[in-house]
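Worksheet: the structure to be examined is printed underneath.
The values are calculated or read from the model by the stated rules, or taken from the named source; none is laboratory data. The structure presented is a predicted model; accordingly, all values stated were derived computationally and were not measured. Cβ sites come from the backbone with ideal geometry, for glycine too, and all protein chains shown count toward neighbours.
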């Protein structure tokens, strides 16, 4: 697959050759208009061109070939260095989406990102770009890194040429490089301090990060999105604690710049939810998944025409699976909205029933849902040697996370059994319960301690929080069951009814009787 | 590794924490992080952030992994229970490393603690003295976790259950209980010798703060026109 010709098309799909130097008229006009809009800082027009024009031209002319080479279009944009970097960024993104990139192309794309980020970090960029594009850059950067790690780990069918290239370009998509770029963007943009300051004045959030005083939004917003990028990379590495730390400056209980781009909003909550699930903070995970799934349910119709629609649907499905997992490990009654709940029951109702049993079938379902919904974990290190025998190790990272997750599930195996009994009794002696559960008393004590330990998580501030919907305490040999009653919100109920009654009375007053 | 003088020790741990916060993706800080682990062991301190940072660097450059240090990190994480730190560390350690004897033993110990099986834990710990005795404060940390778990679950706990959980009996158990009586408010029942554990919201449901009923003033304000 690798060849010295940089512009080789994907595995033998096209009959006619692709000429990288052929620039159709629509492309000429596209790049010159785009160039002009960027110079004039017409953010709205740039956004339209990225989202709509680029897609329709791709659909018409470049369905399975790359766009014209950057050298070919450069004359139409005054050979502007920065524009060429931006064009190449879109060029590679198109390539990854429609074709299979070769190793050389992957390496070149990394070099392009390096050049682009260097320019931004040196503070010489004076553009105003749409948030969608800036998010796409960071998102694609992380995606290509993930894709490269997966690609590199599949050693088995690599040609000698590819292995030589890999050995030679060991800096390309190096994990240190990727992480340091993301961190540099966060640092140089001072975004953390800006967000701190924002709390008083909301200046940054109010304008969605755009700079209406003649400056540039690029560094600041790239810095902002890089925090989400770092959240994502750390999830891919399996470091959930640090992943959440990087997200901390962003307040996900409020709308913010992250909600200005639907792709970013979903990526943020998906990774936040997954990380909290792995940290065993199930209630937090359920709460956030519920919010985003409700949001998607209400707004997805508005994104049907968007190029991100398919991704949106996929993430939606994955989050339902994660919600099913969270609720199976930590049943909650009042945290899930009715519309989300009914969707959940449609998709996973039966599987959730089966997960409550502690048999092999249940494990199979936990495995299935986790594997479907988890991120594509990576092995960040280069292979220590490229000598025979070459094996594929791209699944290693995923297997480890799955194993750890199922291990946790196994430890919680007996808890659903305890819960069933606790629901039925208000108090029961240890001896009796041990008898019903067919275990001896000391074993029962350990099961009860496990229940307490697993249902009481440690939150980010180190405090103990109870997640248990059913709880108990033991007095020597007696168990007393405590059902956590959901707070009956009488106040809210009365307020709603008062308003409703007033509405009915007003309607009646309007009826004129003959 | 133990540094007697206070200030250089403080200074170096301050610097390492700073490194982790400011420059975490830098292979050159690896030796500092390794030294810091040893420092945590001898000075009975703990830093999850620094240890995760080191485990990440080992993930980036597996040839530099020092399994001896990793084992120490895991023991410190065990001592941090009930936090899930042990799992957080395991997420970053490759499977084939976890298969080594010392790690298998630590995983078994963690399993017993996660499932409240203190008797099996102390038996297994006795078989692995060489790993555990290298880390001062281990026994006390686990005993603290045991007390914590019992406090979540029991209003009154039989003496035998407590004895098993903290691996003490006779005179040393009496001393332990005495210490808890003065420091944590434990009470020993005259008859039967059960220990009454201090009240908290987890073993005394009536103490649970009910936050559900508060109605904000703005909501009431909305119906003032109707009421007026």
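Results, tabulated for the structure shown:
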item: Hits in segment A:228-260 - residues which are surrounded by 23 or more Cβ atoms within 10 Å (Cβ to Cβ) and more than 14 Å from chain B (Cβ to nearest Cβ); result: A:228, A:231, A:232, A:257, A:258
item: Segment A:154-179, residues that are surrounded by 14 or more Cβ atoms within 10 Å (Cβ to Cβ), touching a strand residue (DSSP E or B) at 6+ places or on another chain (Cβ under 7 Å) and in a loop (DSSP other than H, G, I, E, B); result: A:155
item: Among the residues listed as A:383, A:375, A:389, the single one being within 19 Å of the chain's Cα centre (by Cα) and more than 9 Å from chain B (Cβ to nearest Cβ); result: A:375
item: Those residues of segment A:392-416 which are more than 21 Å from residue A:150 (Cβ to Cβ) and more than 14 Å from chain B (Cβ to nearest Cβ), in sequence order; result: A:416
item: Unmet criterion (only one of (1) over 26 Å from residue A:161 (Cα atoms); (2) surrounded by 17 or more Cβ atoms within 10 Å (Cβ to Cβ)) for residue A:88; result: (1)
item: Looking only at segment B:31-45, and only at residues there that are in contact (Cβ under 8 Å) with a residue 24 or more places away in the chain and surrounded by fewer than 18 Cβ atoms within 10 Å (Cβ to Cβ), the one that is farthest from residue B:136 (Cα to Cα); result: B:35
item: Residues within segment A:192-251 that are touching a helix residue (DSSP H, G or I) at 6+ places or on another chain (Cβ under 9 Å), over 21 Å from residue B:21 (Cα atoms) and not in a loop (DSSP other than H, G, I, E, B), tallied; result: 8
item: Residues of segment A:180-207 satisfying the condition of being away from every other protein chain (no Cβ under 14 Å), buried (at least 17 other Cβ atoms within 10 Å of the Cβ) and in contact (Cβ under 8 Å) with a residue 24 or more places away in the chain; result: A:189, A:191, A:194, A:195, A:204, A:205
item: Hey, residue A:345 under 26 Å from residue A:455 (Cα atoms), over 22 Å from the mean Cα position of the chain (by Cα) and in contact (Cβ under 8 Å) with a residue 24 or more places away in the chain or not; result: no
item: Helices (runs of 4 or more DSSP H) contained entirely in segment B:62-103, each with at least 3 residues that are within 7 Å of chain A (Cβ to nearest Cβ) and touching a helix residue (DSSP H, G or I) at 6+ places or on another chain (Cβ under 8 Å); result: B:85-90
item: Test for residue A:316: is it in the same structural domain as residue A:268 (by the TED database), touching a helix residue (DSSP H, G or I) at 6+ places or on another chain (Cβ under 9 Å), in a helix (DSSP H, G or I) and touching a residue at least 12 places away in the same chain (Cβ under 8 Å); result: yes
item: Residue list for segment A:94-103, restricted to those being surrounded by fewer than 19 Cβ atoms within 10 Å (Cβ to Cβ) and part of a helix (DSSP H, G or I); result: A:94, A:96, A:97, A:98
item: So residue B:50, is it in the same structural domain as residue B:128 (by the TED database), within 19 Å of residue A:460 (Cβ to Cβ) and within 15 Å of the chain's Cα centre (by Cα); result: no
item: Complete set of residues in segment A:455-484 that are within 29 Å of the chain's Cα centre (by Cα) and over 25 Å from residue A:247 (Cβ atoms); result: A:455, A:468, A:469
item: Any chance residue B:109 is in a helix (DSSP H, G or I), surrounded by 20 or more Cβ atoms within 10 Å (Cβ to Cβ) and assigned by the TED database to the domain that holds residue B:53; result: yes
item: Members of segment B:22-42 found to be more than 12 Å from residue B:72 (Cβ to Cβ) and either assigned to a loop (DSSP other than H, G, I, E, B) or within 16 Å of the chain's Cα centre (by Cα) (or both), listed by number; result: B:23, B:24, B:25, B:26
